[in-house]
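The values are calculated or read from the model by the stated rules, or taken from the named source; none is laboratory data. These numbers were taken from a predicted model, which means no experiment stands behind them. With ideal geometry, Cβ positions are generated from the backbone for all residues, glycine too; neighbour counts draw on all protein chains shown. Each accessible area value is taken on the protein alone, full model and side chains, heavy atoms only, with ligands, DNA and RNA left out. Shrake-Rupley method; radii C 1.70, N 1.55, O 1.52, S 1.80 Å.
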Amino acid sequence: MKVLSVVGARPQFVKLGPVAQEFARSRADDGGSPGRPGEPIDHVIVHTGQHYDPWLSDVFFTDLGIPAPDVHLGVGSGSHGVQTGAMLAALDAVLDEHRPDWVLVYGDTNSTLAAAVSAVKMHLPIAHLEAGLRSFNRRMPEEHNRVLTDHAADLLLAPTEVAMAHLATEGLAGRSVLVGDVMTDVCHLVRDTVACRPVELPGGVDPASPYLLATIHRPDNTDTEQRLRAVVAALRSLPVPVVLLAHPRLVAKADAFGIALTGGNLHQARPLPYPQMVRAVMAAAGVVTDSGGLQKEAFLLRTPCTTIRPETEWVETLEDEWNILDNDVSRLPDIAVRAAPTGAPRTPYGDGHAAAAVRTALLTWGR
Ligand code: UD1
């Protein structure tokens, strides 16, 4: 079976990691008969080029053992329409050349939507990994991307029971499969590898004393001056040093508004490669973020998280207050550093074997 993965942005490389390894293992395993679980998967990786800075892209391929992309579209940045349109224009020829049994798309970025639209127009079967997530916030570009991709796809690979329920509500239960969360696979694997390593913190912060790890990149937080000033002021006022792993969008907007990403307890740093990020989250007193992936990584690594958004797709993290929403940042100074909840850890994101379930689902549902 031939599967063509389309990825383009940082969180998609993290999801691709365990999937690419699982597909590579399938080639090493004894192959079954065609179309049956056990059949080797021939994997083609297409990188749209949505993220192109080495620390947002190349380091993930290297650290997660992902083979270099077979095709790189080199699309780069642009408005949503320009970026998505450029990907669409470039993908047709690639999909036509490879004619895969599945086009596998990941998450909710513009690269996800472009690949889904290109594939559906060419009558190629689409599988959507991380299907069924909903924020119900239509201001988020990711929300449009998710909904449109789910409705275009032939196979919906859902990470959680809640995602399965959303798909059923939208009439999509008949093509949905609960596979678990591939980010749990990679997060647990890397956690076990880095647990004994020293914590390396950028931004000159001492990892031996309590610190917070922060990321901010959602347009709702970065793209108006008043909002960004309020968020940065809140981060400066936190009771322990804050390592702000600054995404290029944040840096560009802060520069344009003349806002320094330092001052008070705030320390600006570059985004971290995945293993260093996992290690830094494990040792942090807390995480402050608007990233979906990081909320869940904090939960998986048992570090309290405060999310600067009005809602989250990863609602399971809110139980027991592992994650607290504080969109107006009014409570941030009081809650960003807080004791971890006690009680038996729950595992709503699966057992770390989601990639194997993805492989089985693709083989079982393949035509
Ligand atoms: C994208 C995804 C978002 C995801 C995030 C992870 C969409 C709509 N959004 O947001 O869901 O959470 O990736 O990081 O797909 N830039 C660089 N270097 C790069 C890439 C981008 O400097 O390698 C700058 C450019 O100025 C660009 C801006 O960052 O315009 C935004 O990049 P873009 O890919 O449009 O969206 P993200 O904010 O990264």
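Give segment 185-203 a look and list any residue that's open to solvent by 80 Å² or more (accessible area, probe 1.4 Å) and either of a type outside the set (Lys, Arg) or within 16 Å of the ligand (Cβ to nearest atom) (or both), or say none.
LEU189, ASP192, THR193, CYS196, PRO198, GLU200
Do the conditions hold for VAL75, that is, is it assigned to a helix (DSSP H, G or I), β-branched (Val, Ile, Thr) and out of contact with any His (no Cβ under 8 Å at 6 or more places or on another chain)?
Here the answer is no, as VAL75 does not meet what is asked.
Under 6 Å between Cβ atoms, which residue pairs at least 6 apart in sequence (or on different chains) link something in segment 282-301 that is farther than 18 Å from VAL194 by Cβ with a partner that is open to solvent by less than 10 Å² (accessible area, probe 1.4 Å) and assigned to a helix (DSSP H, G or I)?
Going by the 6 Å Cβ cut-off, the qualifying pairs are ASP290/ASN221; GLN295/THR317.
For segment 115-155, enumerate the residues that are polar (S, T, N, Q) and closer than 22 Å to LEU362 by Cβ.
SER118, ASN145, THR149
Can you find a residue in segment 226-248 that is at positive phi, away from the ligand (no atom under 16 Å from the Cβ) and over 25 Å from the mean Cα position of the chain (by Cα)?
Scanning segment 226-248 turns up no residue that is at positive phi, away from the ligand (no atom under 16 Å from the Cβ) and over 25 Å from the mean Cα position of the chain (by Cα).
Determine the pairs where a residue that is farther than 19 Å from LEU91 by Cβ and hydrophobic (A, V, I, L, M, F, W, C), located within segment 61-81, has a partner that is open to solvent by less than 40 Å² (accessible area, probe 1.4 Å) and within 16 Å of the ligand (Cβ to nearest atom) with Cβ atoms under 6 Å apart, the partner being 6 or more residues away or on another chain.
LEU64/GLY17; ILE66/LEU16; ILE66/GLY17
If the requirement is being surrounded by 13 or more Cβ atoms within 10 Å (Cβ to Cβ), within 17 Å of MET122 (Cβ to Cβ) and more than 14 Å from the ligand (Cβ to nearest atom), which of these qualifies: ASP96, ASP92?
ASP92
Would you confirm whether any residue within segment 51-60 is assigned by TED's automatic domain parsing to the domain that holds VAL6, within 12 Å of the ligand (Cβ to nearest atom) and without any contact (Cβ under 8 Å) to a residue 12 or more places away in the chain?
Yes, because at least one residue in segment 51-60 is assigned by TED's automatic domain parsing to the domain that holds VAL6, within 12 Å of the ligand (Cβ to nearest atom) and without any contact (Cβ under 8 Å) to a residue 12 or more places away in the chain.
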